[in-house]
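Report on the structure given below.
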Amino acid sequence: MANANPVQTEKFNIQQRQNSRGIRENYITGQHVRLERLRERMEMVIPQDPMMRYLMKLKKIPPYPTPVEFWVSDVAHVTDQTGFRRILESEQFRPPYSEFSWWDLKIKEEEIKAAETGYMETNFTNEALELKEQKPFLEKFTTSPLFKLEKSRFGNYRFTFPLTDLMKWYKEQNCGGEKPVLRMHETITYKQEIVYTVLIHSPEYNKHFGKYPLLEASEWVRYQDGKIIWKAQAICETHWYQFVSGKAQSLNTHEFYVWDQVSLVFHLPKPKALKIPTERLIEALEASKLDEIDLSRDKEERYMEAKEKVMQLKRDLKVVKKEEKDEDQEDEDEAKP
């Protein structure tokens, strides 16, 4: 059982580092900081930071749905061709450059619709029944890179799993059957992107990671019933609409702003890994196009090549499954008197 949360205060330090991809990032340890507070602090200590160009628009951005609560059941890991080969050949996720395996939320269409319903019921109680009859509006605002499921910034290969499965495998393989511990890890900022990271680790590392509060202390992220519950503050990145009286209205011009997301960080110190059978890996695999901002290590668009490889793997798996089914049927027939 994890120790009680360290006491949280409003004060926090913004530190800087270069990540494994050579990109400079700001980070705040042990807190998930709200946008308003982040803007205030950054204005004081790093006013020339590139993100300030966008955060300073906080009071000027046309009204939009915020915060919006998403209940998310799937998570995804995106990689390039090198990572894809390594994962399939080894049947495991084993971070090559650190002790942490990174996964992002993959929000489905029905989860966006559910979030829209919840938002209306929470913020427009009296008009909720009437507004349920109108056309969906949240899809006009969920336009940040997180919601562009056909694209990725990190490569052409995406593995998607239910979080319940991932937590089950992690529990069995890395926690000795005990429940994994979830902690409020960091707030990380880039030029427009804000990432709230959730650290997931074995109970044996409670002392090692004790400086990070348990996830229950987060204002923006929770874990319940195998789902991540995320209160999103900035879902657009580029704003094309405003939200007035429960309806989306087109803007005369667009506005660039920040966007936030949640990343799950699984602790996998060497030689630990997250082992998954080849069949499940192939079933979970899909090809994705590279985003305009390309942070992959291969630095080359290989979407069509990736798409063909994925299709071939799935075709081969289908053949194998059919052969296994036929063999089972033959065995059953032979066993009959």
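The values are calculated or read from the model by the stated rules, or taken from the named source; none is laboratory data. Just so it is clear, the structure is predicted and the values come from calculations on it, not from any experiment. Here the Cβ is made from the backbone with ideal geometry for all residues, glycine too, and neighbour counts use every protein chain on show. The area values use the complete protein model at the heavy-atom level, side chains included, leaving out ligands, DNA and RNA. Shrake-Rupley method; radii C 1.70, N 1.55, O 1.52, S 1.80 Å.
Odds and ends about this structure:
- Boolean, I28 is at pLDDT 95 or above and closer than 18 Å to Q192 by Cα: yes
- Check on V33, closer than 24 Å to G210 by Cα, part of a loop (DSSP other than H, G, I, E, B) and modelled with pLDDT of 95 or more: yes
- Among the residues of the range 183-212, those that are farther than 26 Å from M51 by Cα and assigned to a loop (DSSP other than H, G, I, E, B) comprise S202, N206, K207, H208, F209, G210, K211.
- Extreme residue, modelled with the lowest pLDDT, among residues of the range 152-169 that are in a loop (DSSP other than H, G, I, E, B) and open to solvent by 30 Å² or more (accessible area, probe 1.4 Å): F154
- Output for the range 42-63, where each listed residue is of a type in the set (D, E, K, R) and buried (at least 17 other Cβ atoms within 10 Å of the Cβ): D49
- When each of N13, N26 is tested for being outside any helix (DSSP H, G or I) and free of Cβ contacts under 8 Å to residues at least 24 places away in the same chain, the lone residue that passes is N13.
- Inclusion of T117 among residues that are without any contact (Cβ under 8 Å) to a residue 24 or more places away in the chain and among the polar types (S, T, N, Q) is warranted.
- Test: residue in the range 292-304 that is modelled with pLDDT under 95, in contact with a strand residue (DSSP E or B) (Cβ under 7 Å, 6 or more places away or on another chain) and either of a type in the set (K, R) or open to solvent by less than 70 Å² (accessible area, probe 1.4 Å) (or both): yes
- Subset of the range 170-193 that is without any contact (Cβ under 8 Å) to a residue 24 or more places away in the chain and open to solvent by 40 Å² or more (accessible area, probe 1.4 Å) - its residue that is farthest from the chain's Cα centre (by Cα): G177
- Of all the criteria given as (1) in contact with a Ser or Thr (Cβ under 8 Å, 6 or more places away or on another chain); (2) under 30 Å from F161 (Cβ atoms); (3) crowded, with 16+ Cβ neighbours inside 10 Å, the one not satisfied by Y223 is (1).
- Subset of the range 152-169 (residues that are under 15 Å from the mean Cα position of the chain (by Cα) and within 22 Å of W71 (Cβ to Cβ)): R158, F159, T160, F161, P162, L163, T164, L166, M167
- Some residue of the range 76-95 being closer than 26 Å to V265 by Cα, in a loop (DSSP other than H, G, I, E, B) and over 20 Å from the mean Cα position of the chain (by Cα): yes
- Qualifying position, being free of Cβ contacts under 8 Å to residues at least 12 places away in the same chain, more than 20 Å from E121 (Cα to Cα), assigned to a strand (DSSP E or B) and touching a Phe, Trp or Tyr at 6+ places or on another chain (Cβ under 7 Å), among S263, S250: S250
- Single residue of the range 109-142 satisfying the filter (at pLDDT 95 or above and in a loop (DSSP other than H, G, I, E, B)) that is surrounded by the fewest Cβ atoms within 10 Å (Cβ to Cβ): T142
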